[in-house]
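Taking it in order: structure first as structure tokens, then the write-up.
The values are calculated or read from the model by the stated rules, or taken from the named source; none is laboratory data. In this text the structure is predicted, and so the values were computed from the model without any measurement. Counting neighbours? That spans all protein chains shown, and the Cβs are built from the backbone with ideal geometry, glycine included.
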Amino acid sequence: MPIEVSPLRDDLSFGAKINGVSHDVLRDEAVRERIRQVFDDRGVIVFEKVEPTDAMQMALSSVFGSLKQHPVEGADFDESDDGTGALVNTLDPKDCDIVEIDGKLYSNWLPWHFDHCYTDELNRGGVLRSIEIAPNGGLTGFMDGIVLYDQLPRELREEIESCSIFYSMDMQFDHITYGRPDNFQLVQLDWHWIDIFKQSRTYPRAIHPAVWTRKTGEKVLHISPWMAEGIEGRENDDGDALLEAVSQEINRIGNAQAYFHKWEASDMAIWDNWRFLHRVTGCHPPHRRAASRTTIQGDYGLGRFEQGGRSRDLVLERAAQASSKAGESLS
Ligand SMILES: [Fe+2]
């Protein structure tokens, strides 16, 4: 086998490193199958010393599936399609969010979450690379939901296990309800969030199980404290207290036991979005950071909307409304 697979870190039960990937090597179906096996088993893969190009990122993504259209315009925050199918996210402290935690300022900070929690279909994952690396911070954290489930205190685990969680597309950091860090405040708001917030008011809330079971039998704690709005059937003080307690445990366990990746220009990483949570540690202003990510299609089949229906229908409905509005303005 022309690729070399090794543990991401010897003390972790998840994650792998792969070396030796190239365009030529990826033409070999046996290699592609081996990479998929590692992904299913370990959940996060860091590919080292790969050609740092869009073409390579696309070739690597194709191992895992086809690319997904985004369910809602602009909902992946400040990202723009560069024409290749990868979304480029450039954050400049001049106009991006800046938060203060314990008296320190951070730009490009993101709390623990999984992608697309605000809609019914969960993408399989994404291939990520760092295009502009900040000289401090900007690490991407990956936390295994299987470990989170095992490590969650028993009383909380038993109570949250059968719950389902509401999510909305409201991503503003000053609206974070659950898992808010201590001594946290938003210092500067990126205007993109306001547009997304407006869209969130007409987009139905999505619901995902707090815990789900993989085909291989492991239970996964899969809660995104960011964008969570409450527990289905328990939107009351008691339910809110439970979700807050679990979210703070996710912060505590995640921050202590996650893998935090320090980027090199020749790295690419993929994570299993059905199993892992991820976050970004933030950089200290004034440094910029830019990352490029593909979104790989798929669905674990357990998400739904509060009022029924599917996101595919919503996309079609919105397209029809837009085309009808365009027709009205022409007539
Ligand atoms: Fe994300």
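Brief remarks follow.
- Subset of the stretch 120-154 that is modelled with pLDDT under 95 and of a type in the set (Val, Ile, Thr) - its residue that is farthest from the ligand (Cβ to nearest atom): ILE133
- Here SER162 clears all of (1) within 28 Å of ARG9 (Cα to Cα); (2) among the hydroxyl-bearing types (Ser, Thr, Tyr); (3) not in a strand (DSSP E or B) except the condition numbered (1).
- All of (1) surrounded by 15 or more Cβ atoms within 10 Å (Cβ to Cβ); (2) out of contact with any Ser or Thr (no Cβ under 8 Å at 6 or more places or on another chain); (3) of a type in the set (Phe, Trp, Tyr) hold for TYR178 with one exception: (2).
- Subset of the stretch 271-294 [under 11 Å from the mean Cα position of the chain (by Cα) and part of a strand (DSSP E or B)]: TRP271, ASP272, PHE276, LEU277, HIS278, ARG279, VAL280, ARG293
- Pairing each residue of the stretch 93-114 that is farther than 13 Å from GLN185 by Cα and within 16 Å of the ligand (Cβ to nearest atom) with any residue that is in a strand (DSSP E or B) and among the polar types (S, T, N, Q), provided the two are 6+ apart or on different chains, yields C-beta distances under 8 Å for CYS96/SER107; CYS96/ASN108; CYS96/GLN188.
- With respect to (1) surrounded by 16 or more Cβ atoms within 10 Å (Cβ to Cβ); (2) touching a strand residue (DSSP E or B) at 6+ places or on another chain (Cβ under 9 Å), the lone exception for VAL187 is condition (1).
- Checked against the criteria, GLY298 counts as assigned to a loop (DSSP other than H, G, I, E, B) and at pLDDT below 95.
Matching residues to (1) modelled with pLDDT under 95; (2) at positive phi:
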position: ILE35; (1), (2): no, no
position: PHE39; (1), (2): no, no
position: ILE45; (1), (2): no, no
position: GLU48; (1), (2): no, no
position: LEU67; (1), (2): yes, no
position: GLY74; (1), (2): yes, yes
position: GLY83; (1), (2): yes, yes
position: LEU87; (1), (2): yes, no
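- Applying the condition of being aromatic (Phe, Trp, Tyr) and touching a Pro at 6+ places or on another chain (Cβ under 9 Å) to the stretch 89-112 and asking which residue is modelled with the highest pLDDT yields TRP112.
- Meets criteria (within 16 Å of the ligand (Cβ to nearest atom), modelled with pLDDT of 95 or more, out of contact with any Cys (no Cβ under 6 Å at 6 or more places or on another chain) and more than 26 Å from GLU121 (Cα to Cα)) for HIS261: yes
- Test set (1) within 15 Å of the chain's Cα centre (by Cα); (2) farther than 30 Å from LEU12 by Cα - ALA206 fails condition number: (1)
- Among the candidates ARG180, ARG157, ARG234, residue that is under 24 Å from LEU302 (Cα atoms) and either in contact with a strand residue (DSSP E or B) (Cβ under 9 Å, 6 or more places away or on another chain) or not in a loop (DSSP other than H, G, I, E, B) (or both): ARG157
- Some residue of the stretch 44-51 being in contact (Cβ under 8 Å) with a residue 40 or more places away in the chain and acidic (Asp, Glu): yes
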